Amino acid sequence: MPRVRQRKTTRGQVDLSTYKQAYEDVKAGSSLRTAAEKNGLNHCSLLRYVRKRDATGGDENQEMGYKAHNRVFNQEKERELSKYLIRCADIYFGLTKKDVMKLAYELTVKYDLPRPRTWDDNKIAGEEWFRMFMRRNTELSVRAAQATSLSMATSFNRYNVNAFYDNLATVMDRYNFEPQNIYNADETGITTVQKPDRIIARRGARQVGSVTSAERGTLVTVAYAVNAIGNAIPPFFIFPRVRYQDHFIRDRPIGSAGSANPSGWMQDETFIHFLEHFKKHTNASPSHKVLLVLDNHSSHIHITALDFCKTNGIVMLSFPPHCSHKLQPLDRSVFGPLKKAVNSTCDGWMRSHPGKTMSIYDIPGILATAMPLALTQSNIQAGFRTTGVVPFNRHLFTELDFAPAFVTDRPNPVNTIEETECPMQNTITYEDKTPIPSPSILILEPLEESKKLSNAALFVQQQTVNMPQCSQVPGREQENIIVDPELLITLPGYQSSGSVQQISPKPSTSSQSVTLLTNDTKNIATSRTPLMFSPEAVRPLPKAPPRKLTNRARKTRKSTIYTDTPEKEEIRREHENRLKRTKAKQVKKILDVAKTKSNAINRKKTNTQRESSPSEEEECYCLVCMSAYSESRPREKWIQCTECKMWAHEECTEGSISYVCHNCDSE
């Protein structure tokens, strides 16, 4: 049987308005068959519709047609599951196909829904259910997720974004910058090993290759700066070399400059060279200020760079940390097309130079060809527009953009607990020392309604606790609460502390009472509140634990106008403290090395003295003449006693092979 049945008739697809018209004809006096023939309906179907409406008192909201008899989840439950899956994907914790199938099985177990026997055998939903679930819910699709770091996902929140736009509005109002004076600067890496483009190859081939320069390439950092009207200054190259030479950029784009350091990345001294290059092409001066927005990399906020910007009229504004993927114009609309253009140009270079390896000195020439394709005026302007910088738009991002920060969206820790309006009357503790039966249900009700409850359940054992009065809340006088220790169900009008012993009512003017129901009335009370279907009950959305009060040594950066005097002086103090710590470490290291060398020299002298002057215990004396071994003549022979193992001169003994001294011989 095919998975998708092709319908060949229109049975069961009649509009409900036709049934309503036929129903009116029947009620007007027409016979069932006459009304069915008049409206083009089957008389048996019309009879079922009439019976359904009559049974419900004439309700028009009746369903007709074919229904799935073996569907695990109905349409409403599948809609809730679909919303849950979309929410998980929005917060960057999406579920895989296998996770969805496991979740479906766990939901059927949680809510005791009928399911196929194979689900219980495999502890997972079937492949066919997942396929049809995706087909019924067209808003879902299986997508390949893009890797996003946790810092980038959670740092882009409304608080950080609003802080950036507040600072941007401050500098715009203070200096009245025009679009041609608003710049964005950032670096990107260009490697000698490109990512090949797609090619045409044989169908069914398992492996298709394309030539690259090497297995692992060498990276050259390129710094760009663009303004809001779509202009870009020539690039600035940073080569991984100790010394910079002019021939490194022989095929460079016109006006380019470069520098070098062993790492090939942007560093403090290299950023000063870039700022000089930036000042040269933007004509920045104290009388002609420009705004430079960039990320808060350590090299960008070095005190030397801030002093240079302050002196030359460059106002520096930083993005919030880990938010440049959404707020930086170059990342949004320029670097992506640039990388594609560079890869295509590298492919063309490899075909034009067969058998030759690409070096880092060929990258400036490749960029000269790729830049006009990517750094277009429309792309640059689109970057400033999509980030809300120019034109200024702080309400550009929606709640969907901030959804990934839901995981760490939690309040800051506090040292003290704030008192509420009724500090001593918010929580009522049940202090009766009689044991509370378990399981049990606590029902809070207004005092005037207690008679009605006692009439409905005469067998209930009641224990009343008077509640203190707080401020009045309209509409809360006649509402009850049912607290089940197992299900934790709370109705409007009251708030529970999560345990049976502590229950706090919301403010009300009337005196309250607590009624304790035994196990006999549990089914009566809980039947009034059916359990709602929710996937979060089985698999809650991920949430980070509460923040902790910690004293971290490293300061967390934020969006700041770093050229302002207070911020710049704070950076200066941090730099001076860092230099002091570094100098102290160097001095300590020098002293430790000197101490180690001194200890080694002392140990060497001691060992030499011990070797040159042996102790008296190690000295040996002749048993006959009592002269020391150290006083012996050169090549003078000694002989050992076979009994006591002591020594004597050969001349002082008889010269026998088995010598026994006079001490041992006398014994």
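Stokes-Einstein diffusion for the stretch 64-173, with the hydrodynamic radius set to the Kirkwood value over Cα pairs and evaluated at 37 °C in a medium of 0.692 mPa s, equals 193 µm²/s.
Using a probe radius of 1.4 angstrom, the carbon and sulfur fraction of the accessible surface of the stretch 155-232 is 43%. Give, as ranges by residue number, the residues of the stretch 624-644 whose backbone N falls under 20 Å from the point 7 Å along Cα→Cβ of Asp665. Of the residues in the stretch 624-644, 624-627, 637-644 have backbone N under 20 Å from the label point off Asp665. Label positions at Ser534 and Tyr621, each projected 7 Å from the Cα along the C-beta direction, are separated by 10.0 nm.
Taken per residue, the accessible surface of the stretch 136-189 reaches 57 Å², heavy atoms only and a 1.4 Å probe. Where the alpha-carbon atoms of the stretch 156-245 are placed on the principal axes, they occupy 61, 42, 26 Å, in descending order. Accessible surface for Leu150 stands near 110 Å², nearest 10, in the context of the full protein assembly shown (1.4 Å probe). Tyr66 contributes about 150 Å² of solvent-accessible surface, heavy atoms of the protein only, 1.4 Å probe. When the trypsin sites (Lys or Arg not before Pro) in the stretch 83-186 are filtered for DSSP coil states and for at most 13 other beta-carbon atoms within 10 Å of their beta-carbon, the remaining sites are Lys123, Arg143. No solvent, one uniform scatterer per C-alpha: report log10 I(q)/I(0) for the stretch 153-304 via the Debye equation at q = 0.17 1/Å, two decimals. Debye output, listed in q order: -1.09.
Determine which lysines satisfy two conditions relative to Lys38: a Cα distance under 20 Å, and not lying fewer than 8 residues away in the same chain. The reachable lysines, counting only those whose Cα sits under 20 Å from Lys38, are Lys20, Lys27.
Which percent of the accessible heavy-atom area of the stretch 45-138 goes to carbon and sulfur, probe 1.4 angstrom? Result for the stretch 45-138: 46 percent of the exposed heavy-atom area is carbon or sulfur. Test of the criteria: in the stretch 218-299, which chymotrypsin sites (Phe, Trp or Tyr not before Pro) are in a DSSP loop and have at most 15 other Cβ atoms within 10 angstrom of their Cβ? Passing both the DSSP loop test and the Cβ count: Trp265. Once the Cβ-Cβ distance of Thr596 and Ser149 is raised to the sixth power relative to R0 = 56 Å, the FRET efficiency obtained is 0.85. Among the GluC sites (Glu not before Pro) found in the stretch 79-152, those both in a DSSP coil and sparsely packed, with 12 or fewer other Cβ atoms within 10 Å of their Cβ, are Glu139.
Ranked by the mean number of other Cβ atoms within 10 Å per residue, highest first, peptides 623-633, 186-196, 386-396 order as 186-196, 386-396, 623-633.
Remark on the stretch 192-253: Rg and Dmax equal 17.8, 50 Å (Cα only). Ordering Met350, Ser287, Phe319 by the projection of their Cα atoms onto the charge dipole of the stretch 232-369, which places +1 on the Cβ of Lys and Arg and -1 on the Cβ of Asp and Glu, puts Met350 at the extreme positive end. At the residue level, Ile199 shows approximately 80 square angstrom of accessible surface with a 1.4 angstrom probe and all protein chains present.
How large is log10 of I(q)/I(0) for the stretch 1-54 at q = 0.24 Å⁻¹ when the intensity is taken from the Debye formula with one equal scatterer per alpha-carbon? Relative scattering, expressed as log10 I(q)/I(0), comes to -0.86. Can you tell me which lysines have their Cα less than 20 Å from the Cα of Lys558? Leave out same-chain residues fewer than eight positions away. Within the straight-line limit of under 20 Å, Lys558 reaches these lysines: Lys310, Lys326, Lys548, Lys568. Taking amide hydrogens as placed 1.01 Å from N in the peptide plane, the amide H of Ser285 sits under 5 Å from those of Val290, each at least 5 positions away in sequence or on another chain. Ordered by solvent-accessible area of protein heavy atoms (1.4 Å probe), largest first, the residues Met371, Met532 come out as Met532, Met371. Pairwise Cα separations in the stretch 1-143 fall into 5 Å bins from 0 onward with the following percentages, short to long: 2, 8, 15, 15, 12, 10, 11, 11, 8, 6, 3, 1, 0. Please work out the C-alpha center-to-center distance from the stretch 119-168 to the stretch 343-385 and express it in whole Å. That distance is 34 Å.
Listed by chain and number, the lysines whose C-alpha is less than 30 Å from the C-alpha of Lys356, apart from same-chain residues fewer than 8 away, are Lys195, Lys339, Lys340.
The values are calculated or read from the model by the stated rules, or taken from the named source; none is laboratory data. Keep in mind that what you see is a predicted model, and the values were worked out from it rather than measured. Cβ atoms come from the backbone with ideal geometry, glycine included; neighbour counts cover every protein chain shown. Note: accessible area is taken over every heavy atom of the protein model, side chains too, but ligands, DNA and RNA are not part of it. Shrake-Rupley method; radii C 1.70, N 1.55, O 1.52, S 1.80 Å.
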